[in-house]
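The values are calculated or read from the model by the stated rules, or taken from the named source; none is laboratory data. Predicted model only: the values in this text are computed from it and were never measured. All Cβ positions, even for glycine, are placed from backbone atoms using ideal geometry, and neighbour counts span all protein chains on display. With ligands, DNA and RNA removed, areas are computed over all heavy atoms of the protein, side chains included. Shrake-Rupley method; radii C 1.70, N 1.55, O 1.52, S 1.80 Å.
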Amino acid sequence: MVAADTAGGRADRIESLLSARLFVEPQLRQRDRITFVSNLSGHLSLYTMDVSGGVPEPLLPPQVALQNPELVGGKLFHVCADLGQILVLIDSDGDENYVPHTIPIDGGFPEPLVPETFAGCRSHLVDVDGASRIAYFNVESRVEPLLSAVRVDLGAGAAETLWQSPYGAVVSAWTPDHARVALADSYTMGDIVLYEVVDGERRSLFGTPLEERDTASPPRPTGVRGSYGTASGRGILLTTTLYDDTGSLAYLDLGRPGEVEEVTIDGLVHDGVGELERLDHLADDRYVLTYDIDGCSWVYAGSFDEAARRFAVERVLVGEDDLSGGVLHGLDFDEESGRFVASFCTATAPTQLYVLPAGDGEPVALTRERALGLAPELLSPGEDASFESHDGLRISARLYLPSPELGFAGPRPLVYYVHGGPQGQERPNFAWFSMPLIQILTLEGFAVFVPNVRGSSGYGLEYARWVDRDWGGLDRLDHVHAMTEVLTHDDRVDVSRAGVVGRSYGGYMTLTLAARHPELWRAAVDMFGPYDLLTFMDRLPETWKPYFALAVGDPEQDHDFLVERSPKTHIEGIACPLLVIQGQNDPRVVERESRDVVEGLRALGRDVEYLVFEDEGHDVLKLGNRVRCYDAIVGFFETHLS
């Protein structure tokens with residue numbers, strides 16, 4: 001059994017942290033009304049309230065639970081004010097089989113959208129053109145590796161399939177009249193090609209398709225992250241890493257496919273290490289650029305001069321004053337009033353909703369979420385702990401130590417936290433699972449080390465691609481170097497009392513580190529991590545298999561490599577107690593994968609505990625489950641690292 005907090009103190013602190021509700025993905029599409037995602041009811045749902053503040057009003061029935069917007073792969077919802085309805089993607093308790101629904105704009109019971117098109121599929125809302133009442137979807141087959149680009153006329157309720165591909169067919173941009181639509185195929189991180197369909201044939205716009213490549217001399221990845229058709233209809237504004245590995249803007253003239261021109265950006269004011277994260281369209285020639293700098297969001301609004309190929313920053317939206325040192329969780333623009341609405345949080349402050357007035361007015365907070373009964377000075381802001389790894393590569397990292405106000409003395413037991421992805425990033429982000437766990441661990445007296453080793457996003461495309469076809473290779477050695485050559489020199493940390501925890505890919509790395517470097521750990525927590533790379537890939541949804549065959553390894557051609565890099569191969573090396581946590585409905589790392597870990601270790605007589613959440617998927621989202629999950633993890637480490 002997992003150690004329970006019978007005294008109640010730890011559970012109280014966990015519930016204090018989680019009393020801060022989520023307010024994310026706001027949209028300002030109705031006059032003076034904000035629609036957003038929150039867990040006010042204990043699970044994620046849709047709410048609305050006046051732009052001036054007030055009591056949030058639910059828009060969905062109480063039994064409907066939405067998914068983490070960051071897992072959805074597109075927009076979770078879109079307010080279609082002209083049609084008096086809201087599009088929303090709904091799955092079943094985390095199974096990620098998203099089905100598009102509509103509800104009345106004032107709320108109601110969901111009705112499937114064009115059910116004959118989306119039934120039996122996994123669908124993603126790419127974007128909506130409100131003026132034309134056209135929505136674009138990416139639709140995954142659940143029986144074969146095939147994805148479809150689907151266009152829906154929301155006014156007429158009619159759908160058409162534009163193209164199909166095993167590598168994406170994601171609508172990337174369109175001309176104002178929707179006569180030309182750019183589609184994107186993605187092979188591995190940043191390796192993206194753009195094309196359009198002309199008379200039933202694919203015509204390349206940017207990048208070299210996989211089947212046309214010289215395997216002896218592969219092309220440089222394009223690094224496209226966002227793209228929009230310009231107001232003139234003559235070209236596409238896009239992000240690319242061709243001119244700068246950390247991202248820049250470029251222009252694609254639709255009259256000259258295959259060529260892009262660099263776009264000069266004037267007016268950026270940030271400094272630090274990071275990358276251009278995304279490009280979003282506001283209206284006409286106005287856009288928003290979002291940067292990830294040292295893990296923190298910087299957001300700029302500006303205008304694009306198509307003739308001069310220049311982007312001029314007009315306003316810093318996020319990155320300064322009250323909206324600094326943290327992470328953006330949604331931004332929307334109301335063209336009529338010129339106002340923005342944003343969601344923002346830091347490592348120690350929960351998500352808040354803000355209205356940014358037109359012009360240069362100061363942000364106005366609409367919410368005042370806080371950790372109940374916990375003074376801000378008791379939480380840990382973390383400190384930079386970046387280091388040079390075994391081969392000299394700079395690795396970004398943060399170390400979270402208990403607040404001096406808590407009165408802990410002496411070197412602190414260490415929890416080593418590995419993020420998921422692998423091409424993800426741990427950031428000062430209170431919104432989702434990681435940061436509340438980090439904070440409760442520091443409140444209980446642990447130090448928490450959080451590295452963004454090679455393969456992480458946020459530091460340029462080359463850095464992120466280090467992990468492709470090398471799971472458990474140089475990334476593993478970065479972690480070992482941190483434990484043996486970096487943290488050993490910090491007398492505030494006791495590496496002889498260390499535990500490791502990770503989710504998803506982080507769970508894979510947790511199992512790998514525990515098995516291959518058992519001398520480093522006294523306890524380990526694996527949350528839905530791949531155990532046998534061959535069975536993991538075989539159990540994936542069919543549409544995800546082509547990507548993993550390219551990015552991780554082909555199960556047939558790279559069989560021996562995948563066996564060698566699987567934690568299963570090294571399972572006999574696991575000596576420390578292990579806690580395994582799993583969502584029953586997880587489609588990414590299915591429950592059978594985690595059960596294989598547990599059964600394999602129990603057959604060896606090892607100490608392993610298993611916690612399964614029957615109504616969760618590849619996350620732990622529902623309030624009661626999160627309290628139980630955090631309590632289990634912290635109690636496990638308190639038992640074994642004391």
Look at the stretch 18-44 and say how many of its residues are in contact with a Phe, Trp or Tyr (Cβ under 8 Å, 6 or more places away or on another chain) and either in a strand (DSSP E or B) or surrounded by fewer than 17 Cβ atoms within 10 Å (Cβ to Cβ) (or both). 11
In the stretch 292-315, the residues that are of a type in the set (Ser, Thr, Tyr) and open to solvent by less than 10 Å² (accessible area, probe 1.4 Å): 297, 300
Sole exception among (1) part of a strand (DSSP E or B); (2) open to solvent by less than 10 Å² (accessible area, probe 1.4 Å) for residue 204, by number: (2)
Complete set of residues in the stretch 386-409 that are within 21 Å of residue 444 (Cα to Cα), touching a residue at least 12 places away in the same chain (Cβ under 8 Å) and either open to solvent by 20 Å² or more (accessible area, probe 1.4 Å) or assigned to a loop (DSSP other than H, G, I, E, B) (or both): 398, 401, 402, 403, 405, 406, 408
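For residue 511, state whether it is of a type outside the set (Ser, Thr, Tyr), crowded, with 24+ Cβ neighbours inside 10 Å, modelled with pLDDT of 95 or more and not in a loop (DSSP other than H, G, I, E, B).
So residue 511 passes the test.
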Determine whether residue 142 is farther than 19 Å from residue 196 by Cβ and either among the hydrophobic types (A, V, I, L, M, F, W, C) or open to solvent by 20 Å² or more (accessible area, probe 1.4 Å) (or both). yes
Considering only the stretch 145-171, state which residues are open to solvent by less than 60 Å² (accessible area, probe 1.4 Å), free of Cβ contacts under 8 Å to residues at least 60 places away in the same chain, in a strand (DSSP E or B) and not charged (D, E, K, R). 148, 149, 150, 152, 158, 159, 162, 165, 170, 171
Members of the stretch 227-247 that are open to solvent by 10 Å² or more (accessible area, probe 1.4 Å), within 21 Å of residue 461 (Cα to Cα) and among the small types (Gly, Ala, Ser): 247
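Could you grab me the full set of residues in the stretch 422-462 that are small (Gly, Ala, Ser) and open to solvent by less than 10 Å² (accessible area, probe 1.4 Å)?
Passing the criteria: 431, 445, 447, 455, 456, 458, 460.
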Give the residue that is nearest to the chain's Cα centre (by Cα), with candidates limited to residues of the stretch 85-108 that are buried (at least 22 other Cβ atoms within 10 Å of the Cβ) and aliphatic (A, V, I, L, M). 89
Within the stretch 117-134, is there a residue that is under 24 Å from the mean Cα position of the chain (by Cα) and either open to solvent by 50 Å² or more (accessible area, probe 1.4 Å) or in contact (Cβ under 8 Å) with a residue 60 or more places away in the chain (or both)? yes
Give the residue, chosen from 550, 540, that is in contact (Cβ under 8 Å) with a residue 40 or more places away in the chain, among the hydrophobic types (A, V, I, L, M, F, W, C), part of a loop (DSSP other than H, G, I, E, B) and surrounded by fewer than 22 Cβ atoms within 10 Å (Cβ to Cβ). 540
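Would it be correct to say that residue 415 is touching a strand residue (DSSP E or B) at 6+ places or on another chain (Cβ under 8 Å) and not in a loop (DSSP other than H, G, I, E, B)? Full working, then the answer.
Working: touching a strand residue (DSSP E or B) at 6+ places or on another chain (Cβ under 8 Å): yes; not in a loop (DSSP other than H, G, I, E, B): yes.
Yes.
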Would you say residue 82 is charged (D, E, K, R), surrounded by fewer than 21 Cβ atoms within 10 Å (Cβ to Cβ) and part of a loop (DSSP other than H, G, I, E, B)? no
Determine, yes or no, whether residue 588 is open to solvent by 40 Å² or more (accessible area, probe 1.4 Å), of a type outside the set (Gly, Ala, Ser), part of a loop (DSSP other than H, G, I, E, B) and in contact (Cβ under 8 Å) with a residue 40 or more places away in the chain. yes
Of the candidates 627, 580, 612, the one satisfying the condition of being part of a helix (DSSP H, G or I), within 30 Å of residue 431 (Cβ to Cβ) and β-branched (Val, Ile, Thr) is 627
Condition (residue is within 24 Å of the chain's Cα centre (by Cα), in contact (Cβ under 8 Å) with a residue 12 or more places away in the chain and part of a loop (DSSP other than H, G, I, E, B)) applied to the stretch 45-59: is it met by at least one residue? no
Specify which of the listed residues (342, 250) is touching a residue at least 40 places away in the same chain (Cβ under 8 Å), in contact with a strand residue (DSSP E or B) (Cβ under 8 Å, 6 or more places away or on another chain), open to solvent by less than 30 Å² (accessible area, probe 1.4 Å) and not in a loop (DSSP other than H, G, I, E, B). 342
Residue tally, condition at pLDDT below 95 and open to solvent by less than 40 Å² (accessible area, probe 1.4 Å), over the stretch 316-337: 1
Is it the case, given these coordinates, that residue 477 is touching a residue at least 40 places away in the same chain (Cβ under 8 Å) and either of a type in the set (S, T, N, Q) or out of contact with any Asp or Glu (no Cβ under 9 Å at 6 or more places or on another chain) (or both)? no
Single residue of 375, 342, 358, 371 found to be modelled with pLDDT of 95 or more and either farther than 27 Å from residue 40 by Cα or among the small types (Gly, Ala, Ser) (or both): 342
